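Only one structure is covered here, and it is reproduced in the block below.
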Amino acid sequence: MKRHYFSILFFIKKTKLLKNGEAPVCLRVTVDGQRAEIQIKRSVSINNWNSQKECAIGRDTQSRELNHYLEIVRTKVLSIHGELEQNNKPITASIIIDIYNGKSESAKMLLSVFNEQNKRYNESLDLLW
């Protein structure tokens, strides 16, 4: 089994400030040098962000909630990576982000199952006629 270089990074986009003056928090997943990024629908004041620790600074409720949410996101991404690795499925940054966002390949597979079933049904009708 091939080992993959895998990392998770949280950062803020200082160039794209929101209307309230806060910066959106983003998640970057890197697998074998390929990156995929998304915004995690959370924001923080630029002064309250620690880039080295990848978390909010402070003991106020907002900072604690954000840091707790970041740990939940990190845990979910790690479990997605572990599940893909355990099932010997292809691992890319975009696949991990898609699964995190809820975009799964199961819909495609379900559609292909229906297509196969319809094809077999049509073939059985052809045999009857």
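Quick note: the coordinates plus some simple rules give every number you see, no bench work behind them. Small disclaimer: the values here were computed from a predicted structure and weren't measured. Here Cβ is always computed from backbone atoms with ideal geometry, including for glycine, and neighbour counts include all displayed protein chains.
Once backbone amide H atoms are built at 1.01 Å from N, Arg42 has Val25 as its partners under 5 Å, excluding neighbours fewer than 5 places away on the same chain. Mean residue ellipticity, 222 nm, helices only, the chain: the sum of -39500 (n - 2.57) across DSSP H runs of n ≥ 4, divided by residue count and rounded to 500, is -15000 deg cm²/dmol. Using Cβ point charges alone (K and R +1, D and E -1), the dipole size of the range 6-103 about the Cα centre works out to roughly 340 debye. Once the C-beta distance of Asp32 and Asp60 is scaled by a Förster radius of 35 Å, the resulting FRET efficiency is 0.35 to the nearest 0.05. Working from label points 7 Å from Cα in the Cα-to-Cβ sense, the Gln52 to Leu18 distance is 2.7 nm. Here is the list for the range 29-77: trypsin sites (Lys or Arg not before Pro) lying in DSSP coil, each with at most 16 other C-beta atoms within 10 angstrom of its C-beta, are Lys53, Arg59.
GNM on the chain, C-alpha springs below 10 Å: top fluctuator among Leu17, Leu84, Leu111? Among Leu17, Leu84, Leu111, the largest GNM mean-square fluctuation belongs to Leu111.
For Leu110 and Gln86, the FRET efficiency from 1/(1 + (r/R0)^6), where r spans their Cβ atoms and R0 equals 25 Å, is about 0.65. The angle separating the long axis of helix 61-86 from the principal Cα axis of greatest extent in the chain is about 30 degrees. What angle, in degrees between 0 and 90 and rounded to the nearest 10, separates the Cα long axis of helix 106-128 from the longest principal axis of the Cα atoms of the chain? Between helix and principal axis, roughly 10 degrees. Set the Förster radius R0 to 41 Å, insert the Cβ-Cβ distance between Ser94 and Tyr121 as r into 1/(1 + (r/R0)^6), and round the FRET efficiency to 0.05. After rounding, the FRET efficiency stands at 0.70. Positive end of the dipole of the range 40-124 (Cβ unit charges, origin at the Cα centre): among Asn50, Val73, Gln62, the Cα lying farthest that way belongs to Gln62.
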